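First the structure, in the form of structure tokens, and then the observations on it.
The values are calculated or read from the model by the stated rules, or taken from the named source; none is laboratory data. The structure presented is a predicted model; accordingly, all values stated were derived computationally and were not measured. Cβ sites come from the backbone with ideal geometry, for glycine too, and all protein chains shown count toward neighbours. Each accessible area value is taken on the protein alone, full model and side chains, heavy atoms only, with ligands, DNA and RNA left out. Shrake-Rupley method; radii C 1.70, N 1.55, O 1.52, S 1.80 Å.
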2 protein chains.
Amino acid sequence: MQTLNKKTMAITKPSIPKGTRDFGSTEMINRNYIFSAIRSVFRKYGYKPIETPAFENLSTLNGKYGEEGDRLIFKILNSGDFLPYLLENFSEGKTSAQFAKHISEKALRYDLTVPFARYVVMHQHEISFPFKRYQIQPVWRADRPQKGRYREFYQCDVDVIGSNSLLNELELIQLTIDIFKKLNISVVIKINNRKILEGFAESLGLMDKFNDFTSILDKFDKITIQETKNELHNKAFADNEIHKIVEVLKNMRQLDSNTKKIDYVKEFCKTSEIGLKGIIEIETIFDYIKSLPVEYSGYLTSGQIEFDFSLARGLNYYTGAIFEVKARNVTMGSISGGGRYDDLTGIFGLPNVSGVGISFGADRIYDVLNELNLFPKNTGVTSQLLFVNLGAVEEKYCLALAAEARIHGINTELFPHTAKLKKQLDYANANHIPYVAIVGTDEMSSNLITVKNMQSGEQMEMNIKKLIELVKGKLF
Amino acid sequence: MQTLNKKTMAITKPSIPKGTRDFGSTEMINRNYIFSAIRSVFRKYGYKPIETPAFENLSTLNGKYGEEGDRLIFKILNSGDFLPYLLENFSEGKTSAQFAKHISEKALRYDLTVPFARYVVMHQHEISFPFKRYQIQPVWRADRPQKGRYREFYQCDVDVIGSNSLLNELELIQLTIDIFKKLNISVVIKINNRKILEGFAESLGLMDKFNDFTSILDKFDKITIQETKNELHNKAFADNEIHKIVEVLKNMRQLDSNTKKIDYVKEFCKTSEIGLKGIIEIETIFDYIKSLPVEYSGYLTSGQIEFDFSLARGLNYYTGAIFEVKARNVTMGSISGGGRYDDLTGIFGLPNVSGVGISFGADRIYDVLNELNLFPKNTGVTSQLLFVNLGAVEEKYCLALAAEARIHGINTELFPHTAKLKKQLDYANANHIPYVAIVGTDEMSSNLITVKNMQSGEQMEMNIKKLIELVKGKLF
């Protein structure tokens, strides 16, 4: 017997890169259920689809996601010779990261927002503004993989660019409501405004520590008061600052309605011009929502639209509204988020174009639907009918029958080779095929088909016309 | 005035990597028209969707596409430090290519077939064979970009694995017919068999030059007899070999029916066991086709299914049937191709599993539909109705109307800010929105809406109920 060469075996044993996934047909069909729901609502509001390449020039992406983001961008090796450059330019103390940009000019899409900004600038003369677009594509991040965090995942983004009207914010809230209603997920939509956060920081005299301030605020829901204090302390906030911040947070926690929260913030920010601007924006949006049919305005009364003063989200480019959506009845991070950005295309040479958008995380929505058992049944079904194959004569006879069933819109298979009936029925079961057509010598001479209902086990004889009606659910 | 700093400008001026494309909404909708047609036929035959990650381990892809292919695989730079390895292991004469695999462990998908083989081996215990799958995803190749050839393009693959029945070949032909019928593209489906090519080579005593022989044969349609002779000469074929090959090719050209061609080949290969096997396979497939309804068998009588003895296609892994589809009435390479491979999963440790598949080239199909003007009209329409925005009171009034139109299934926009009517009508025109609803003071007091048909220019007053019927095409 041959000795296995472990080294050779290791080379050929198949695996996939960590943080990536294969999707089988059930997952695919469930994912498409999500994408279709999202897409149909996007279109109902007049958003148009675009797609951008999987990789961009590295210069398009570099520096847009902060230092951490730059590290997590997947870079593509140039096809040409990289050694000569390395050898010529190497000197003691230089790092791999410094060389990466010289041997790599392209990188995988890290999100959909920066490519969208690049797209808008490149195509500005073909676009009629306001430009409403949606984009559903995978993105890649060299993050450490963990539960619910992948290196390849889909984003579903919807943005409108070239209009600073708050009607756009309203529309994004409406379509968010529609999408999750369509998916039967009960959600809370949290809204804040960057300007209010700035007003707060201004009132507290903390504008010089704005980023630290908001990033700790953002965690407020997840950590205790004591942990908040510790974090503020670690970030070198003074004791009196810590005291003031914690007081505000504690007070806010007591307020149980959007109106009370807004009033508190209004009082607090009364000396901050930018803060008051933010409050007017929030009030206008809430006012719009109240004027909508109860399908939407009801979310205010039920507390499912919530002004959340601590909401900041990671990205620094938000300048106005900030959104976040959480699913109720399940422990899960946000399943959707977004906001307004006033200066995104500026980095590519088109200043003063305001945009607002929201991104739906398909993978987390998948997990929510899975956990709450909300995927529709039977979406796993591909074929509705299987003709078994009992021999050379029978298979030829069945070919025409199968073709006829397909012409009538039925997804139909003919088992590709002769095999034991049991094996073929097992195949039908494994593939969730509800009806099996059995045609042998008797059936061929009587011009009838024996049909087995795989769920009930019942068998009946009928002609092809009746069979087609049966499978289409029109017989009984 | 500020002087432009050209260097800074160059950094921020946006572009995309060569060989890649952005897709705007019209292209997206046309592309989805193609994908939907293909997908619906795949499903009608019981194929199930899967998806694999955009990048695979480099070891999964390397060596599977020949030397040329290896060069064209896009490699992803490892995130860690690559310099130490390079510096330690560099010595005079080593090339970048030799180092690439040490600083890159992942690579972008080059086709869908190898990832599929990897998938089957990894998931063999969850799969019930025969496994019928389809996969519609982009692939990436570092090819020199040229007209119709991109570095990122979509493949639509359908394969059945774990069955060597020729019914599978038949089914692929059937679904090819269905797909192109659905797309209104008139096609010729060419069929050959690797075994027949081997029989030919055997009869001519050319088995030692099999690859050169078939690759020259494959070009036979595109080059003259003299060019064929030159190529054979360059590949070191002997004069008597060249003479024999050219005789055969000339003879084959004279034969004007599949039957005559098969008879000729049969006579020629009568001493080759493998050749005769191939002929039986072709005959069986043709026999199957004849037993199908005229929708399919008619393709034989019309000459749209053609035995093409010169068909070889590039890939060496085909072991039986070889397919290629060409569009009629347009000059274009093949728009679809495939074949049987007996040993694809063997490279990943699962031997003796036979598969057969066909791949549809979405980009070329797109070009064909475009050139023949076959895309359906109006697929570019996203919104069906635009409410113009004439002021703060009006927009609030329209919000509820727009919501109602959407609830009734109409894709509806409300212009997001107040602007001159002309500007808003221009927006409707630019976005091909067929109806515009105008609501001002008069309309609000009369509870009616002025509706403008953007094609005819006609205007009418009606209530929201009538407007919804109008847009849905139910009024006249």
For B:Gly473, which of the numbered conditions (1) on the phi > 0 side of the Ramachandran plot; (2) in contact (Cβ under 8 Å) with a residue 12 or more places away in the chain fails to hold? (2)
Only one of B:Thr113, B:Thr176 is touching a Gly at 6+ places or on another chain (Cβ under 8 Å) and among the polar types (S, T, N, Q). Can you tell me which? B:Thr113
From the list B:Leu300, B:Leu255, pick out the single residue that is assigned by TED's automatic domain parsing to the domain that holds B:Asn168 and within 16 Å of B:Leu311 (Cα to Cα). B:Leu255
Scan segment A:309-326 for residues that are over 15 Å from A:Ile282 (Cα atoms) and open to solvent by less than 10 Å² (accessible area, probe 1.4 Å) and report the count. 1
Pairs, please: C-beta under 6 Å, at least 6 apart or cross-chain, first residue within 19 Å of A:Thr345 (Cα to Cα) and in segment B:15-32, second assigned to a helix (DSSP H, G or I) and at pLDDT 95 or above? B:Asp22/A:Tyr119
Give just the number: which of (1) more than 30 Å from A:Gly46 (Cβ to Cβ); (2) within 14 Å of another protein chain (Cβ to nearest Cβ); (3) surrounded by fewer than 20 Cβ atoms within 10 Å (Cβ to Cβ) does B:Asp363 not satisfy? (1)
I need the full set of residues from segment A:59-76 which are open to solvent by less than 10 Å² (accessible area, probe 1.4 Å) and more than 7 Å from every other protein chain (Cβ to nearest Cβ), in order please. A:Leu61, A:Gly69, A:Ile73
Please work out which one of (1) closer than 30 Å to B:Asn30 by Cα; (2) open to solvent by 50 Å² or more (accessible area, probe 1.4 Å); (3) not in a loop (DSSP other than H, G, I, E, B) is the condition B:Ile347 fails and give its number. (1)
Pick from segment B:204-225 the residues that are open to solvent by less than 20 Å² (accessible area, probe 1.4 Å) and part of a loop (DSSP other than H, G, I, E, B): which of them is modelled with the lowest pLDDT? B:Phe220
If you take the residues in segment A:327-343 that are open to solvent by 10 Å² or more (accessible area, probe 1.4 Å) and under 13 Å from the mean Cα position of the chain (by Cα), which one is farthest from A:Val188 (Cα to Cα)? A:Gly333
I'd like to know if segment B:158-168 contains one or more residues that are in a helix (DSSP H, G or I) and closer than 18 Å to B:Phe360 by Cβ. yes
Whichever residue in segment B:7-28 is closer than 20 Å to A:Ile136 by Cβ and either facing chain A (nearest Cβ under 7 Å) or at pLDDT 95 or above (or both) and, among such residues, is surrounded by the most Cβ atoms within 10 Å (Cβ to Cβ): B:Ser25
What residue, among those in segment A:428-441 that are within 25 Å of B:Gln124 (Cα to Cα) and open to solvent by less than 10 Å² (accessible area, probe 1.4 Å), is farthest from the other protein chains (Cβ to nearest Cβ)? A:Val436
Assess whether B:Arg151 counts as being within 17 Å of the chain's Cα centre (by Cα), among the charged types (D, E, K, R) and facing another protein chain (nearest Cβ under 9 Å). yes
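Could you check how many residues of segment A:327-344 are within 22 Å of A:Glu281 (Cα to Cα) and not in a strand (DSSP E or B)?
So the answer is 3.
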Got at least one residue in segment B:297-308 being small (Gly, Ala, Ser), touching a residue at least 40 places away in the same chain (Cβ under 8 Å) and open to solvent by 10 Å² or more (accessible area, probe 1.4 Å)? yes
Tell me which of these A:Phe348 doesn't satisfy, since it passes every other one: (1) closer than 29 Å to A:Glu171 by Cβ; (2) in contact with a Lys or Arg (Cβ under 8 Å, 6 or more places away or on another chain); (3) modelled with pLDDT of 95 or more. (3)
I'd like the full set of residues that are of a type outside the set (A, V, I, L, M) and either assigned by TED's automatic domain parsing to the domain that holds A:His432 or in contact with a Lys or Arg (Cβ under 9 Å, 6 or more places away or on another chain) (or both), limited to segment A:351-362. A:Ser354, A:Gly355, A:Gly357
Only one of these is more than 30 Å from B:Ile279 (Cα to Cα) and open to solvent by less than 10 Å² (accessible area, probe 1.4 Å): B:Ser128, B:Ser163, B:Ser91, B:Ser96. Name it. B:Ser96
Restricting attention to segment A:77-99, the residues that are assigned to a helix (DSSP H, G or I) and more than 7 Å from chain B (Cβ to nearest Cβ) number exactly 7
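To keep it simple, each residue is scored yes or no on (1) under 12 Å from B:Phe200 (Cβ atoms); (2) assigned by TED's automatic domain parsing to the domain that holds B:Asp212; (3) surrounded by 18 or more Cβ atoms within 10 Å (Cβ to Cβ).
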| site | (1), (2), (3) |
| --- | --- |
| B:Ile245 | yes, yes, yes |
| B:Thr259 | no, yes, no |
| B:Tyr264 | yes, yes, no |
| B:Glu281 | no, yes, yes |
Considering every residue within segment A:257-265, establish whether at least one is within 30 Å of B:Tyr397 (Cβ to Cβ) and outside any helix (DSSP H, G or I). yes
Output for segment A:283-312, where each listed residue is more than 13 Å from chain B (Cβ to nearest Cβ), polar (S, T, N, Q) and farther than 13 Å from A:Ile173 by Cα: A:Thr301, A:Ser302, A:Ser310
Hits in segment A:181-224 (condition: farther than 29 Å from A:Val368 by Cα and hydrophobic (A, V, I, L, M, F, W, C)): A:Ile196, A:Leu197, A:Phe200, A:Ala201, A:Leu204, A:Leu206, A:Met207, A:Phe210, A:Phe213
Going residue by residue through segment A:284-291, is there one that turns out to be out of contact with any strand residue (DSSP E or B) (no Cβ under 6 Å at 6 or more places or on another chain), in a loop (DSSP other than H, G, I, E, B) and either assigned by TED's automatic domain parsing to the domain that holds A:Phe153 or polar (S, T, N, Q) (or both)? yes
If I filter segment A:413-426 for residues that are within 10 Å of chain B (Cβ to nearest Cβ), under 20 Å from B:Pro293 (Cα atoms) and among the hydroxyl-bearing types (Ser, Thr, Tyr), do I get at least one hit? no
Complete set of residues in segment B:131-149 that are open to solvent by 30 Å² or more (accessible area, probe 1.4 Å) and modelled with pLDDT of 95 or more: B:Arg141
Complete set of residues in segment A:461-476 that are over 46 Å from the mean Cα position of the chain (by Cα) and surrounded by 14 or more Cβ atoms within 10 Å (Cβ to Cβ): A:Glu461, A:Met462
Would you pick out the residues in segment A:100-121 that are in a helix (DSSP H, G or I) and either of a type in the set (Phe, Trp, Tyr) or under 25 Å from A:Leu77 (Cβ atoms) (or both)? A:Ala100, A:Lys101, A:His102, A:Ile103, A:Val114, A:Pro115, A:Phe116, A:Arg118, A:Tyr119
